[in-house]
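The values are calculated or read from the model by the stated rules, or taken from the named source; none is laboratory data. Predicted model, so just to flag it, every value in this text is computed and none were measured. All Cβ positions, glycine included, derive from the backbone under ideal geometry; neighbour counts span all protein chains shown.
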Amino acid sequence: MVSSGAAGGPLRLVCFELRGQELALPIGCVRETLPVPPITRVFLVPGCIAGVFSLRGDIVPAIDLGVLLGLAATTAGDDSKIVVVQHAAGVAGIVVDRLRDLRTIEQPLDPPPANLAAEVAVLLLGVAATPTGSVRVLDAQAVLTAEPLRGLARADVESRMS
């Protein structure tokens with residue numbers, strides 16, 4: 001079992017849908033949710049970066065979680081939203097197909113399934129069984145520091161040092 005809220009209290013989650021699967025982030029990592037703003041495509045970045053958008057004057061990267069999870073690129077639709085995640089690793093917007101609800105999970109999370117690709121499993125805190133099915137709970141820090149994004153972080157640090 002993966003710890004969640006059992007020892008430290010219940011785990012509150014912001015749940016959303018991506019390609020018919022329910023995913024979630026701990027509410028403490030979610031700064032806000034908003035309609036998909038105009039996203040400006042940026043060249044020479046990994047495919048999991050959908051582009052950048054302006055959030056009250058700040059330029060924020062938009063992560064295509066589908067690509068990061070090994071799926072096809074996300075096409076924003078009428079129900080699509082941006083989940084703005086803030087963590088020690090930084091701030092980013094995650095493009096999702098639709099928001100679901102807020103949930104509280106009382107029991108510890110189960111570990112990611114053994115048959116999940118290693119590069120996807122590292123992005124998860126674990127899986128919660130709910131009456132409506134399983135919810136894959138993402139690790140915000142792992143998403144923001146995923147291997148495809150590390151090169152960008154290094155380039156950003158190097159450009160600030162020069």
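Which ranges mark the strands (runs of 3 or more DSSP E) fully within region 1-105 that have 2 or more residues being surrounded by 14 or more Cβ atoms within 10 Å (Cβ to Cβ), more than 14 Å from the chain's Cα centre (by Cα) and free of Cβ contacts under 8 Å to residues at least 60 places away in the same chain?
Once the strands (runs of 3 or more DSSP E) in region 1-105 are filtered for at least 2 residues that are surrounded by 14 or more Cβ atoms within 10 Å (Cβ to Cβ), more than 14 Å from the chain's Cα centre (by Cα) and free of Cβ contacts under 8 Å to residues at least 60 places away in the same chain, what remains is 49-55.
May I ask you to say which residue of Pro148, Pro113 is surrounded by fewer than 19 Cβ atoms within 10 Å (Cβ to Cβ), touching a Pro at 6+ places or on another chain (Cβ under 9 Å) and not in a strand (DSSP E or B)?
Pro148
In region 74-81, is there at least one residue being more than 17 Å from Leu23 (Cβ to Cβ), in contact with a helix residue (DSSP H, G or I) (Cβ under 8 Å, 6 or more places away or on another chain) and at pLDDT below 90?
No, region 74-81 has no match at all.
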